[in-house]
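Quick notes on the structure that follows.
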Amino acid sequence: MNLYKNISASCLSALLVCGANVQAAEHDMSYYINLFDIYEKEVDDQNTIGINLEPRLSSQYGENFESFISLQAFYATDVIELESDDNGGSSDAFVGVKQAWVAYKGLSDHAGDVLLFGRARLRFDDGLMLDKDVTTVNWQLHTTQLEAQLGIASRLDTFRSDDSELSPTIKEAVYGVAQVRWQHHFNHYVSANLVYGEQDESGFEYDVLWSEFALENGYHDLNDPQRWTYNVGVLFASGTQGENSDVNGSAIDLGLRWQPNAGPVFMGLAYTAALEAEEGYIQTGLQSNRSNFSGSRHRLYRFNEYARFELQNLEAATAMLGVTPNQNTEVAFIFNHFTRVDADYAIVSAGMEIEGYNDSNEIGQGIDMVASYYFEKGDPALISNTRIDSFIRLRVSAFKAGEALNVAEENNFRATLDWVMRI
């Protein structure tokens, strides 16, 4: 573990030492302004305003070395829940380091053949197994037909100045990650994702291998031009958890999206389920459960933004409808119906407190809406400066609890208005 803890410090030192040899640098300063964040539930009505500043700097050193650093300063008028893109948790103020890495590109003649060291964002497109800022040593390959990665990773710390702590289930865990995605026919892919996690912390031990095999045709790609896009994924988790508990579960992830005549309207259906409850499928702890499954540019939470269920003893049937009347405007609606696989076992929610369960499988229904307007650079509606890029996004999420749940309030609601500006 000491090796992993030294990686981020080493990369920060490398950024400073190599600074004198910078040949070209790209500066990217992002300002994320959370205009309001409203929660409505019986025990905690909340109306919060916050600001999140994220300065970023990417630099090139000679022909083969590249570095990137992303810092963060956050302030809010009250404690609010942060998105997984900010590594989750709750806070009202902190400064921190999101990413700090150095990449070496001299392994081969391929520009996409990279060895990366430091704190970086590792992600599988569907977000179900891997989508977190981690301390890592990671090899990556990107070609027109093949994408691959192989490495080791650990969360180690939040790298924030507040008192936010990692969950003890992942704080000391070490992961191995691997991925292969092959384009076997034009715009049709087969992929295999692997995550191996080992945790020796007393009381939170586990030794689990997660795997995922998928067929898709750009279902999670933002600019896919096809009218029909599909995703068929099968996930497995096998190993041990705790002293005497086995994990031997599976899950499925199915999706179909239609954009008639490649026009402004898109719609789709999805079904995701953990197939067993006893000794069944659990998630890695590195997941975000966010992806572009709806066809919109925003990475939406797969299982309702308010409730934020995890894929454990859960079935989620989803319908999607969206419209992009022009390149600047985008609106998407997500409807979810949730049930339990087995009424004898609990579910996991990161968004609300469940006080108990009834003898029913009906978890409830959720609806999410996201509306975004993207300013073009130099748009006079924003500011007279061609170097400014920005968007405004309204997100609304509601959840109605079903017969299975005892919660403080059956109808729960959250709205967030974001203004993001990049200079």
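Hey, any hits in the stretch 204-226 for a residue that's at pLDDT 95 or above, crowded, with 20+ Cβ neighbours inside 10 Å, out of contact with any Ser or Thr (no Cβ under 6 Å at 6 or more places or on another chain) and acidic (Asp, Glu)?
Within the stretch 204-226, one or more residues are at pLDDT 95 or above, crowded, with 20+ Cβ neighbours inside 10 Å, out of contact with any Ser or Thr (no Cβ under 6 Å at 6 or more places or on another chain) and acidic (Asp, Glu).
Would you confirm whether any residue within the stretch 152-162 is among the acidic types (Asp, Glu), in contact with a Ser or Thr (Cβ under 6 Å, 6 or more places away or on another chain) and within 24 Å of GLU310 (Cα to Cα)?
No.
Identify all residues within the stretch 188-219 that are touching a Gly at 6+ places or on another chain (Cβ under 7 Å), within 20 Å of ALA270 (Cα to Cα) and not in a strand (DSSP E or B); write none if there are none.
Answer for the stretch 188-219, where residues must be touching a Gly at 6+ places or on another chain (Cβ under 7 Å), within 20 Å of ALA270 (Cα to Cα) and not in a strand (DSSP E or B): just TYR219.
So that you can scan it fast, the table gives a plain yes or no per residue for (1) basic (Lys, Arg); (2) at pLDDT 95 or above; (3) not in a strand (DSSP E or B):
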| site | (1), (2), (3) |
| --- | --- |
| PHE117 | no, yes, no |
| ALA120 | no, yes, no |
| ASP126 | no, yes, yes |
| ASN138 | no, yes, no |
| THR144 | no, no, yes |
| LEU150 | no, yes, no |
| ASP157 | no, no, yes |
| ASP162 | no, no, yes |
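Given the conditions (1) in contact with a Gly (Cβ under 7 Å, 6 or more places away or on another chain); (2) under 30 Å from TYR230 (Cβ atoms); (3) of a type in the set (A, V, I, L, M), which single one is not true for VAL137?
(2)
From the residues in the stretch 230-240 that are of a type in the set (S, T, N, Q) and modelled with pLDDT of 95 or more, which one is nearest to VAL208 (Cα to Cα)?
So the residue we want is SER238.
So is ALA415 at pLDDT 85 or above, touching a Phe, Trp or Tyr at 6+ places or on another chain (Cβ under 9 Å) and under 19 Å from ALA270 (Cα atoms) or not?
no
Considering each residue of the stretch 267-289, count those that are surrounded by fewer than 22 Cβ atoms within 10 Å (Cβ to Cβ) and not in a loop (DSSP other than H, G, I, E, B), and give that number.
Residues in the stretch 267-289 being surrounded by fewer than 22 Cβ atoms within 10 Å (Cβ to Cβ) and not in a loop (DSSP other than H, G, I, E, B): 5 in total.
Which ones in the stretch 93-142 are touching a His at 6+ places or on another chain (Cβ under 7 Å) and buried (at least 21 other Cβ atoms within 10 Å of the Cβ)?
ASP125, ASP126
I need the full set of residues from the stretch 177-187 which are assigned to a strand (DSSP E or B) and without any contact (Cβ under 8 Å) to a residue 40 or more places away in the chain, in order please. First the steps, then the outcome.
Taking the stretch 177-187 and keeping what is assigned to a strand (DSSP E or B), we get 177-185.
Scanning the stretch 177-187 gives ALA178, VAL180, ARG181, TRP182, GLN183, HIS184, HIS185.
May I ask you to list the residues in the stretch 397-411 that are at pLDDT 90 or above, surrounded by 14 or more Cβ atoms within 10 Å (Cβ to Cβ) and not in a strand (DSSP E or B)?
GLY402, ALA404, listed by residue number.
The values are calculated or read from the model by the stated rules, or taken from the named source; none is laboratory data. Because the structure is a prediction, the values reported are computed rather than measured. Neighbour counts run over all protein chains shown; Cβ positions are idealised from the backbone, glycine included.
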